[in-house]
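The values are calculated or read from the model by the stated rules, or taken from the named source; none is laboratory data. Computed from a predicted structure; not experimentally measured. Here the Cβ is made from the backbone with ideal geometry for all residues, glycine too, and neighbour counts use every protein chain on show.
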Amino acid sequence: MSNHDLAIVILAAGKGTRLKSSLAKVLHQAGGRTLVEHIVRACEPLKARETVVVVGHQADQVAAVVEPLGAVTVLQQPQNGTGHAMHIAKRALGRAKFAIVLPGDAPLVRTETLKGLVATHRSGNAAATILSAVLADPSGYGRLVRKSETMVSAIIEESQLSSEQREINEINSAIYCFTLEKLWPALAQVRPNNQHREIYLTDAIAVLNAKGETVLAQVSPDPREVLGCNSRADLAEVDRIFREWKRSALMEAGVTIQLPETVLIDPEVTAGEDTVIEPGVQLLGKTKIGARCTIRAGSVLSDAVLGDDVKVEPHCVVAQSRLDDRVIIGPFARLRPNNHLKADSRIGNFVELKKSTIGEGTKAMHLSYLGDSKIGKKSNIGAGTITCNYDGFHKYPTTIGNKVFVGSDTTLVAPVRVGDGAYIAAGSTITVNVPVDGLGIARGRQVNKPGWAARKRRELAAAEKPKRKTKKSKRKKTKKRK
Ligand code: UD1
Ligand code: MG
C-alpha cells in the first residue's frame with residue numbers, strides 16, 4: 001500500500017524525569033541503539049511522506065541521531081505535554097491526511113504492527129485508531145475505556161483513574177493513527193486539566209468520541225512491543241527483549257548460542273552457519289562473523305570482521321580488526337583497533353596488538369606487544385617480544401619480513417626493519433635494521449665466575465653471626481624491662 005498521504009510524528013522532546021539522568025530519555029540505549037533510533041528505523045519501511053521528530057530536551061543531540069536517518073525535527077520549547085507536542089508538529093506535516101504518532105520511548109514496536117494499525121484505520125474510516133495492549137500489570141499506563149467491542153470512548157491517565165478503572169488492563173501504547181482534519185479541532189478543545197498542567201494528546205480521544213467520531217483500538221499481537229521506558233527498570237526490560245529477539249534471529253540463521261541469556265549481541269551483527277557462541281560473549285557494533293567460527297566464553301568483539309573457521313579462545317577483547325580464515329587468537333588476547341590477521345596466523349595469551357598486520361601462518365603466542373608493525377608470512381615472534389613504537393613524541397613502524405625468527409624477550413626499537421629469513425637472538429634490543437638471512441644479536445656477553453656463589457654465601461653467613469648476638473642481647477633487655 002502506498003503511504004503518500006501518511007506522515008509519522010515521533011514525540012521525543014521530554015526530559016524523562018523518572019530516569020534521573022542528565023541524558024534526555026530518548027537518547028538512552030536499549031538493544032544497542034538509542035530509543036529514538038529504533039523508532040525511526042521501525043517506521044522507515046512504511047515510506048511515509050514525512051517523518052517529523054518533535055525535539056526539546058537536548059534537541060541538538062536528538063536531531064543528530066534522527067536527521068541522518070531522513071527525519072526532520074521541530075522544536076517544542078517548553079514541553080507542555082504530548083498534545084502540545086502535536087500542535088508544534090502540525091506545521092511540518094504538510095498535506096498529509098493521516099499521521100502515525102509514536103512516543104520516543106517505546107522502541108520495541110515492529111513495522112508489521114504499524115502497517116496493521118494503518119490498515120485498520122483506513123478500512124474502519126476512523127478518526128483515531130489506538131494501538132493497545134493487554135498487560136498483566138498495567139500500572140503506569142493510560143487505560144482504554146471501551147464503549148463496544150471495537151470502539152473506544154476515552155483514555156484515562158494513571159493519575160486520573162477511578163478505582164473501578166484501575167482494574168482495566170488494556171493500556172494505551174501512545175501509538176496512534178489519526179485522521180488529521182479530525183484531530184486538530186478535537187485537540188484545540190483539550191485543556192490542561194491535570195496536576196502537571198499539560199495538554200495530553202490522550203484527552204483528544206474523549207473529545208473525538210463526544211463529537212461522534214469513530215475511535216478504534218487495535219490490540220498489539222505481542223504485548224511486549226508497546227513497552228515504554230520511563231524508568232531504568234523499564235530500560236533493562238526492553239533491552240532484555242531486544243537482545244532476546246536478536247539472539248533468536250541468529251539462531252534461526254544457523255548459529256549455536258550456549259546459555260543464550262548470557263550473550264549480548266548488537267543489532268547489526270551477523271554470523272554465519274555453524275558458528276558457536278559460548279556463554280558470556282558480547283558481539284558489538286558492526287561485527288561480522290563467518291561460518292564455523294567459535295567465539296569462546298567471555299570474549300568481547302566490537303566492529304570485528306572474522307572470516308570462516310576462526311577461533312577466538314576465552315576472554316579475548318577485539319576492536320575494529322580483521323581476522324581472516326582459520327586465525328586463532330587467545331586465550332586473553334587483546335586486539336586494539338586496526339589490525340589485520342591474515343589466514344592461519346595465531347595470536348596467543350597476553351599478546352596485545354595495535355595497528356598491526358600479521359602475515360599468513362605467523363605466530364606470536366605469548367606475552368607480547370606488537371604496535372604499528374607489519375609482519376610477513378610464517379614468522380615466529382618469541383615470548384615477550386616488544387615493539388618500542390613510541391619515543392614519547394611520535395609513533396614509528398616496525399617491519400618484519402617472511403620466515404623471520406624473533407627470539408624471546410626481544411625489544412625492537414622502531415623505526416626498524418628485519419629482513420626475510422633473519423634470526424634475532426633472544427634477549428636482544430634491536431636498534432639497527434637486520435639484513436635478509438642475517439642474525440641480529442644485541443646483548444651483553446655472558447661471563448661465568450666459578451665458585452663465586454659459594455664464596456658469596458660464606459661471606460653472608462659470616463656477616464650474619466654478630467647480628468644474632470645482638471638479637472639475644474635485645475631479648476634480655478626486653479625481659480629486664482618487664
Ligand atoms: C504516555 C501516555 C500514556 C501511555 C504511555 C505509553 C500521555 C499523556 N500519556 O504516558 O497514556 O500509556 O505514554 O508509554 O500521552 N513528550 C514530548 N513533549 C512533551 C511531553 C512528552 O515530546 O511535552 C514525549 C516524551 O519525550 C515521550 C513521549 O512524549 O517520548 C511520551 O511521554 P511520557 O512522559 O513518556 O508519557 P507517559 O507518562 O509514558
Ligand atoms: Mg513514557
Extreme residue, nearest to ligand 2 (Cβ to nearest atom), among residues of region 219-232 that are closer than 15 Å to ALA106 by Cβ and outside any loop (DSSP other than H, G, I, E, B): VAL226
Neighbours by Cβ (under 6 Å, 6+ apart or cross-chain): first from region 134-151, farther than 13 Å from GLU167 by Cβ; second within 14 Å of ligand 2 (Cβ to nearest atom) and part of a loop (DSSP other than H, G, I, E, B): GLY142/GLU157; GLY142/THR202
Within region 127-188, strands (runs of 3 or more DSSP E) holding 1 or more residues that are of a type in the set (Lys, Arg): 143-146
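Condition check ((1) buried (at least 24 other Cβ atoms within 10 Å of the Cβ); (2) away from ligand 2 (no atom under 16 Å from the Cβ)) across all residues:
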position: PRO107; (1), (2): yes, no
position: GLY116; (1), (2): no, yes
position: HIS121; (1), (2): yes, yes
position: ASN125; (1), (2): no, yes
position: ARG166; (1), (2): no, yes
position: ILE171; (1), (2): yes, no
position: ALA174; (1), (2): no, no
position: GLU181; (1), (2): no, yes
position: TRP184; (1), (2): no, yes
Qualifying residue in region 122-133 (condition: modelled with pLDDT of 95 or more, more than 30 Å from the chain's Cα centre (by Cα) and among the basic types (Lys, Arg)): yes
Exclusive hit being in contact with a helix residue (DSSP H, G or I) (Cβ under 9 Å, 6 or more places away or on another chain), within 19 Å of ILE175 (Cβ to Cβ), near ligand 1 (Cβ under 9 Å from one of its atoms) and in a helix (DSSP H, G or I), set VAL66, VAL26, VAL40: VAL26
Residue match in region 49-62 (condition: within 13 Å of ligand 1 (Cβ to nearest atom) and closer than 30 Å to THR262 by Cα): no
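Just to verify a result, which residue in region 82-126, among those that are in a helix (DSSP H, G or I) and among the basic types (Lys, Arg), is farthest from ligand 1 (Cβ to nearest atom)? Please lay out each step first, then the result.
First, the residues of region 82-126 that are in a helix (DSSP H, G or I): 82-92, 111-123.
Now drop any that are not among the basic types (Lys, Arg), which leaves 90-91, 115, 122.
Numbers: LYS90: 14, ARG91: 16, LYS115: 20, ARG122: 23 Å.
Step by step, filter region 82-126, then rank; the result is ARG122.
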Residue within region 206-217 that is surrounded by fewer than 16 Cβ atoms within 10 Å (Cβ to Cβ) and assigned to a helix (DSSP H, G or I) present: yes
Residues of region 181-229 classified as among the hydroxyl-bearing types (Ser, Thr, Tyr) and away from ligand 1 (no atom under 15 Å from the Cβ), total: 1
Test set (1) within 27 Å of GLY104 (Cβ to Cβ); (2) over 20 Å from the mean Cα position of the chain (by Cα); (3) more than 16 Å from ligand 2 (Cβ to nearest atom); (4) touching a residue at least 24 places away in the same chain (Cβ under 8 Å) - THR202 fails condition number: (3)
Contacts under 8 angstrom Cβ, first residue in region 217-237 being touching a residue at least 12 places away in the same chain (Cβ under 8 Å) and hydroxyl-bearing (Ser, Thr, Tyr), partner within 13 Å of ligand 2 (Cβ to nearest atom) and in a strand (DSSP E or B), 6 or more apart: SER220/SER173
Residue ID - farthest from PHE178 (Cα to Cα), chosen from residues in region 93-105 that are among the hydrophobic types (A, V, I, L, M, F, W, C) and away from ligand 2 (no atom under 16 Å from the Cβ): LEU93
Residues that are more than 16 Å from ligand 2 (Cβ to nearest atom) and surrounded by 14 or more Cβ atoms within 10 Å (Cβ to Cβ), drawn from region 127-143: ALA127, ALA128, THR129
Filter result (in a loop (DSSP other than H, G, I, E, B), closer than 22 Å to LEU201 by Cα and either more than 16 Å from ligand 2 (Cβ to nearest atom) or out of contact with any helix residue (DSSP H, G or I) (no Cβ under 8 Å at 6 or more places or on another chain) (or both)) within region 1-23: ASP5
Matching entry among VAL190, VAL226 (being touching an Asp or Glu at 6+ places or on another chain (Cβ under 9 Å), over 19 Å from ARG122 (Cα atoms) and surrounded by 18 or more Cβ atoms within 10 Å (Cβ to Cβ)): VAL190
